[in-house]
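Worksheet: one structure, shown below.
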Amino acid sequence: MAGLQRARVRRQATFRWVVVAVVGTFFALPLLGMLEFTTRAPGGGRTAAVWRTVADLGGLRTTYPELWAGLKASGALVVLTVLIMLVLLVPTMTWVRLRVPGLRRTIEFICLLPLTIPAIVLVVGLAPVYAWVTYLLGGSSAWLCFAYVVLVLPYCYRALDAGLSAIDVRTLGEAARSLGAGWGTVMVRVILPNVRTAVLSASFLAVALVLGEFTIASLLHRDNLQVGINQLGQRDAQVAVAVSFAALALAFVLLLVLSFAGGRRTRTLTPLATPPTQEPA
Amino acid sequence: MTPQRQGVAVRLEGLSRHYGAVRALDGLDLELAPGEMVALLGPSGCGKTTALRLLAGLEDADAGRDVVDGRDLTDVPVSKRDMGMVFQAYSLFPHMTARQNVAFGLRLRGRSSAEQRSRAGEMLELVGLSSQADRYAHQMSGGQQQRVALARALAIEPQVLLLDEPLSALDAKVRVQLRDEIRRIQLDVGATTLLVTHDQEEALAVADRVGVMRGGRLEQIAAPGEIYTSPATAFVAEFVGLTNRMDGVAADGVAQVMRARIPLLPGSVASGPVSVLVRPESVEVHTQRDGEAEVVAASFLGSLGRVRVRTADGAVLLAQVPTGGAGVLQVGDRVSLALRPVPALAVSRD
Ligand SMILES: Nc1ncnc2c1ncn2[C@@H]1O[C@H](COP(=O)(O)OP(=O)(O)OP(=O)(O)O)[C@@H](O)[C@H]1O
Ligand SMILES: [Mg+2]
């Protein structure tokens, strides 16, 4: 019995490692290819010259202005998108749970809708909207944030929904209000601290998505990091690939941080009824 | 200890509330004397929680008023009502320790941190949890969490305490222990208290008065003993405790049932054929070889036992018998029956 059990555990462990290895190779190969390409020296051999260029932000600014513009725009877009997304979603989702639980399905449907619409179709719809945005707010690339909020909605909704589902929003809100808290206090002091991890994951997801977005920005003729890289690619492919690699690495680090932050702060709510705890009689 | 506060009078006047087609509350009138503890009891869906939530201000009434200490609170928001609430479960703020939970209401009221700390300490001591002050909810048992919730509700010195099935998520032993403790603390603090429960034993054990609800209205409200011994309606008689429906004939305030004459309670049908609601403990069972009835089921409940007997005319009666001593009843035993002349309610036969 025990022997069989051990054999099964071992088989499962082997299987796990095989899966990890295959998936790892699948993701690592293109990255290795990028790394290899960026370190090629003109006459054969290796050089870190490209990476030195990329690391020198000041130099980058003057030598590759299109890249610099893209970086700046993407920075602004990341901040704006995350802010708008949080301000829009967190109170709405909390409110729906507290006051109109019947609307939850509708809200979920609306939030997941962008997932089903290809970016190219989105652009067709957004083009006339952005004609107005340009007319009212000017042509800055930062206003892409409105489109990006729509784009990140499904992912952020999912992340926040998981966080809010882990706590009893309604009871906590009612308990706080019975103790004298207004709606603002309920949000800031009771709900938010308990969905910190979810807010963090939603934000990181938004960051990763915004940093990787190309289609909308390109078709609406705005700047962002990917558009910058693309333009650069036509001039200096090695630098373009190096910057892409750096952006990927950044996203990877963000996700890593996220999973660690999430892992450490997870607090499971123990159900009250089980297990029956013995108290001194 | 904190200054002893005497509770305030609470009056619910004609409270109504519907959800779609469901009339959750249908003109509920209820009065609580200062410092009194009233338990609302009733079947699922009868509107107990709705009544409590209307008094708390968590829901709005369609009609009616809540008057507390002579002040009409109907339009006052929850956060301004100063009522302590304890919920069924999961109400502790997960990111705060027990002490921070208890101090939360005081913090909102802008008390100094020294005062918050000392009062939270006092409250935790009151519920016997001083040693757990720095624990989080997930580090405490269900019973401890509910104690903290009680301490938190009491920390704001509420004049009214609202408890919505605070014990229903706990296991039986903790439930009994904690309910007695809640009663002790309630008497100690003196807050007027409304306890919602579906557990009749709990209601009868701790409340000054028990209100039995049905279909959004109060069916009867009276002291626990009275609810049990003098139910006003068949619904109350059958909801609280166990009853037998026995055929009889009523006349002049007495019903003839089997060979016994049972005095009738006020509200009974006065004459003619009736069903008399007889408690199991009023049915005496004696072992007798040629008895007219037969034991069809017997259960042992510790200090007493219950048997089901089938009479000659086929009716099945529930009787309560003392356990121990000689003559333990077995299924199949022949027995004779007698009724004690304990006042009972007679209703028309259906
Ligand atoms: N938010 C709501 N939306 C729709 N119907 C509701 C709502 N709250 C209560 N009801 C309905 O109102 C009626 C009374 O509900 P209430 O919760 O007061 O019952 P209760 O006596 O507390 O029952 P239980 O013992 O099951 O807790 C029920 O029929 C219930 O379905
Ligand atoms: Mg209820």
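Considering only residues in segment B:176-202 that are over 18 Å from B:T50 (Cβ atoms) and within 16 Å of ligand 1 (Cβ to nearest atom), the one that is farthest from the other protein chains (Cβ to nearest Cβ) turns out to be B:Q200. Of all the listed residues (B:A51, B:A56), the sole one being within 14 Å of another protein chain (Cβ to nearest Cβ), in contact (Cβ under 8 Å) with a residue 60 or more places away in the chain and either closer than 19 Å to B:G216 by Cα or away from ligand 2 (no atom under 16 Å from the Cβ) (or both) is B:A56. Candidates in segment B:159-174 are the residues that are buried (at least 20 other Cβ atoms within 10 Å of the Cβ) and more than 9 Å from chain A (Cβ to nearest Cβ); of these, the one that is farthest from the chain's Cα centre (by Cα) is B:Q159. If you scan segment A:164-188, which residues turn out to be part of a helix (DSSP H, G or I) and at the interface with chain B (Cβ under 8 Å from one of its Cβ atoms)? Once the filter is applied, which keeps residues that are part of a helix (DSSP H, G or I) and at the interface with chain B (Cβ under 8 Å from one of its Cβ atoms), segment A:164-188 yields A:T171, A:L172, A:E174, A:A175, A:A176, A:R177, A:S178, A:T185. State whether the residues of segment B:83-95 include one that is of a type outside the set (S, T, Y) and away from chain A (no Cβ under 14 Å). Checked segment B:83-95: no residue is of a type outside the set (S, T, Y) and away from chain A (no Cβ under 14 Å).
Every condition in (1) in a strand (DSSP E or B); (2) free of Cβ contacts under 8 Å to residues at least 12 places away in the same chain is met by B:V276 except one, and the failing one is (2).
Residue-wise test of (1) modelled with pLDDT under 95; (2) within 7 Å of ligand 1 (Cβ to nearest atom); (3) not in a loop (DSSP other than H, G, I, E, B).
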residue	(1), (2), (3)
B:Q6	yes, no, no
B:R11	no, no, yes
B:H18	yes, no, yes
B:R23	yes, no, yes
B:G27	yes, no, yes
B:L40	no, no, yes
B:G45	yes, yes, no
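Within segment B:236-259, the residues that satisfy the criterion of being surrounded by fewer than 20 Cβ atoms within 10 Å (Cβ to Cβ), among the hydrophobic types (A, V, I, L, M, F, W, C) and either under 15 Å from the mean Cα position of the chain (by Cα) or part of a strand (DSSP E or B) (or both) are B:V249, B:A251, B:V254. Here is a list: B:R111, B:R99, B:R107. Which entry is of a type outside the set (V, I, T) and either away from chain A (no Cβ under 12 Å) or within 16 Å of ligand 1 (Cβ to nearest atom) (or both)? None of the others qualify; the one that does is B:R99.
All of A:L151, A:L172, A:L160, A:L179 fail the test of being aliphatic (A, V, I, L, M) and in contact with a Pro (Cβ under 7 Å, 6 or more places away or on another chain), apart from A:L151. Annotation note: of B:A205, B:A153, the sole residue that is part of a helix (DSSP H, G or I), of a type in the set (G, A, S) and within 12 Å of another protein chain (Cβ to nearest Cβ) is B:A153. Of the residues making up segment B:59-80, those that are in a loop (DSSP other than H, G, I, E, B), without any contact (Cβ under 8 Å) to a residue 60 or more places away in the chain and not β-branched (V, I, T) are B:E59, B:D60, B:A61, B:D62, B:L73, B:D75, B:P77. From the list B:L106, B:L73, the lone residue that is buried (at least 23 other Cβ atoms within 10 Å of the Cβ) and away from ligand 2 (no atom under 16 Å from the Cβ) is B:L106.
Put simply, of B:L167, B:L108 the only residue that is assigned by TED's automatic domain parsing to the domain that holds B:G35 and farther than 22 Å from B:D199 by Cβ is B:L108. Here B:S79 fulfils each of the conditions (1) among the hydroxyl-bearing types (S, T, Y); (2) within 11 Å of chain A (Cβ to nearest Cβ); (3) more than 24 Å from A:L98 (Cβ to Cβ) apart from (3).
Picking from residues in segment B:59-70 that are within 15 Å of ligand 1 (Cβ to nearest atom) and touching a helix residue (DSSP H, G or I) at 6+ places or on another chain (Cβ under 7 Å), the one that is nearest to the other protein chains (Cβ to nearest Cβ) is B:E59.
Residue-level analysis places B:V8 among those that are on the phi < 0 side of the Ramachandran plot, in contact (Cβ under 8 Å) with a residue 24 or more places away in the chain and among the β-branched types (V, I, T).
The values are calculated or read from the model by the stated rules, or taken from the named source; none is laboratory data. Since we're looking at a predicted model, the values are computed, not measured. Positions of Cβ are backbone-derived with ideal geometry, glycine not excepted, and every protein chain shown enters the neighbour counts.
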